[in-house]
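Visitor: For reference, the structure I am asking about is given below.
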Amino acid sequence: MKISVIIPVYNAESYIGRCIESVQVQTFGDWQMILVDDGSNDNSLAICQKYAEIDDRIQVMHQENAGAGAARNTGLTKALGEYIVFIDSDDYVAEYYFELLSNHTEDVVFINVEAVDGNGSIVRKEYLSVYKNMKKDDFMRAQMTGKINWGGVRKVVKREILEKNNIKYSNHKVGEEALFTYCSVYYSQTIAFIEKPAYFYILRADSLSHTKMDDPWGEVALALKAKTLDNGSYAKYADTVNAFILTAAAVSADRLAVNYKREEYRKKIESLYISLIDKLDKAYPIDYNHMSLKAKFLGKLLLGRHFSLIRAISRSKRLMK
């Protein structure tokens with residue numbers, strides 16, 4: 001069984017070597033690595049090419065800067081493996097990752113991830129295996145709303161599933177993994193979990209909590225709604241789509257509360273509320289069961305027009321991360 005590893009690379013000269021080498025030392029050796037340079041303006045491309053010169057399992061592609069989602073899609077065009085593994089260029093994987101994966105035959109395999117600091121010390125454990133006994137429908141709904149992390153690197157998908165159903169990453173600046181994750185699970189017949197921590201990511205300043213966008217998930221939620229309409233699953237998942245739309249609004253409300261002074265905040269939160277009411281499908285309920293507690297709390301406050309309370313809570317506790 002061959003494994004295809006796709007790594008989008010953008011200005012990663014300081015850490016791409018560690019990422020590549022963590023794959024080269026895998027105890028399972030039948031893999032193909034596709035490095036996609038996404039218009040880097042540092043030495044990333046040259047470093048990638050140097051590794052490719054001495055290891056014929058490594059292939060380098062280059063494109064004008066288009067974002068991580070587009071870079072992963074580019075890599076998919078050259079993938080030959082049975083399974084597709086995604087790794088971010090500033091992260092690294094355990095040497096046993098691929099060997100554990102080689103023991104699986106399921107359509108989608110989720111992995112356990114640990115967040116580490118610059119010294120490699122564990123800051124947070126993010127184990128998807130805690131959901132291994134959850135019904136697939138509940139698991140997918142919780143991922144649709146973001147209650148369970150999407151994360152392209154958190155799962156491995158059979159190439160056959162991706163190609164057969166034309167599953168690709170979206171071009172959103174934030175949340176480009178959401179539709180990919182939903183489609184991968186939706187079209188899968190079987191899923192599994194690797195319980196030993198296999199992936200380690202460095203906490204980065206460009207994470208969702210640091211991205212300077214008032215509404216990072218709003219367009220993603222609408223894109224997910226469009227996807228369910230397209231594949232005929234909307235009637236079944238409309239309540240969860242409503243929940244994701246509300247979650248996106250809750251994330252936005254929190255950001256507005258923190259980033260704007262009172263008068264400007266009031267204008268923007270009023271506009272957000274009007275937009276939210278327009279986006280929600282009144283013919284269906286809101287699936288609160290598959291929303292995070294934080295999103296549910298702020299979402300209900302937003303629907304109740306408790307704008308001052310949202311501002312007070314968000315500015316004092318920063319509930320939404």
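The values are calculated or read from the model by the stated rules, or taken from the named source; none is laboratory data. Here the structure is a predicted model, which is why all the values come from computation and not from measurement. Glycine also receives a Cβ, built like all others from the backbone with ideal geometry; neighbour counts cover every protein chain displayed.
Visitor: Just checking, does region 137-146 include any residue being without any contact (Cβ under 8 Å) to a residue 24 or more places away in the chain and over 15 Å from Val109 (Cβ atoms)?
Guide: yes
Visitor: If you go through region 12-38 one residue at a time, how many are among the charged types (D, E, K, R) and touching a Pro at 6+ places or on another chain (Cβ under 8 Å)?
Guide: Qualifying residue count for the region: 1.
Visitor: Out of region 56-103, which residues are of a type in the set (A, V, I, L, M), farther than 26 Å from Gln189 by Cβ and out of contact with any helix residue (DSSP H, G or I) (no Cβ under 7 Å at 6 or more places or on another chain)?
Guide: If the condition is that a residue be of a type in the set (A, V, I, L, M), farther than 26 Å from Gln189 by Cβ and out of contact with any helix residue (DSSP H, G or I) (no Cβ under 7 Å at 6 or more places or on another chain), then Ala66, Ala68, Ala70, Ala71, Ala94 are the ones that fit.
Visitor: What about Ile269, is it closer than 24 Å to Asp88 by Cβ, in contact (Cβ under 8 Å) with a residue 40 or more places away in the chain and buried (at least 18 other Cβ atoms within 10 Å of the Cβ)?
Guide: On the way: closer than 24 Å to Asp88 by Cβ: no; in contact (Cβ under 8 Å) with a residue 40 or more places away in the chain: yes; buried (at least 18 other Cβ atoms within 10 Å of the Cβ): yes.
No.
Visitor: When region 272-283 is examined, which residues are found to be assigned to a loop (DSSP other than H, G, I, E, B) and either of a type in the set (A, V, I, L, M, F, W, C) or surrounded by 16 or more Cβ atoms within 10 Å (Cβ to Cβ) (or both)?
Guide: Passing the criteria: Leu280, Ala283.
Visitor: Additional query: Go through region 303-321 and give me each residue that's part of a helix (DSSP H, G or I) and out of contact with any helix residue (DSSP H, G or I) (no Cβ under 7 Å at 6 or more places or on another chain).
Guide: Initially, region 303-321 is screened for residues part of a helix (DSSP H, G or I), giving 303, 307-317.
Answer for region 303-321, where residues must be part of a helix (DSSP H, G or I) and out of contact with any helix residue (DSSP H, G or I) (no Cβ under 7 Å at 6 or more places or on another chain): Leu303, Ser308, Ala312, Ile313, Ser316, Lys317.
Visitor: Same structure again: Which ranges mark the strands (runs of 3 or more DSSP E) fully within region 83-169 that have 3 or more residues being out of contact with any Ser or Thr (no Cβ under 9 Å at 6 or more places or on another chain)?
Guide: Where strands (runs of 3 or more DSSP E) fall fully within region 83-169 and carry at least 3 residues being out of contact with any Ser or Thr (no Cβ under 9 Å at 6 or more places or on another chain), they are 108-116, 122-127.
Visitor: Next up: Would you mind finding the one in Lys300, Lys261, Lys296 that is basic (Lys, Arg) and out of contact with any helix residue (DSSP H, G or I) (no Cβ under 9 Å at 6 or more places or on another chain)?
Guide: On inspection, the qualifying residue turns out to be Lys261.
Visitor: Sort out which residues of region 51-72 are free of Cβ contacts under 8 Å to residues at least 60 places away in the same chain, in a loop (DSSP other than H, G, I, E, B) and within 27 Å of Ala178 (Cβ to Cβ), and write them in order of number. Explain how you work it out, then say what you get.
Guide: Residues of region 51-72 that are free of Cβ contacts under 8 Å to residues at least 60 places away in the same chain, as a first pass: 51-65.
Narrowing the set further to residues that are in a loop (DSSP other than H, G, I, E, B) leaves 55-57, 64-65.
Result: Glu64, Asn65.
Visitor: Count, please, the residues in region 289-314 that happen to be surrounded by fewer than 16 Cβ atoms within 10 Å (Cβ to Cβ) and more than 15 Å from Val251 (Cβ to Cβ).
Guide: Selection size over region 289-314: 7.
Visitor: Do you know which of the residues in region 253-266 that are in a helix (DSSP H, G or I) and free of Cβ contacts under 8 Å to residues at least 40 places away in the same chain is surrounded by the most Cβ atoms within 10 Å (Cβ to Cβ)? Spell out the reasoning first.
Guide: First, pick out the residues of region 253-266 that are in a helix (DSSP H, G or I): 253-259, 262-266.
Okay, now just the ones that are also free of Cβ contacts under 8 Å to residues at least 40 places away in the same chain, so 263-264.
Working: Glu263: 8, Glu264: 11.
Looking at residues that are in a helix (DSSP H, G or I) and free of Cβ contacts under 8 Å to residues at least 40 places away in the same chain, I get Glu264.
Residue-wise test of (1) touching a helix residue (DSSP H, G or I) at 6+ places or on another chain (Cβ under 7 Å); (2) modelled with pLDDT under 95; (3) surrounded by 19 or more Cβ atoms within 10 Å (Cβ to Cβ); (4) on the phi > 0 side of the Ramachandran plot.
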residue	(1), (2), (3), (4)
Thr105	no, no, no, no
Val116	no, yes, no, no
Glu126	no, yes, no, no
Tyr131	yes, no, no, no
Thr145	yes, no, yes, no
Asn149	no, yes, no, no
Gly152	yes, yes, yes, no
Val157	yes, no, yes, no
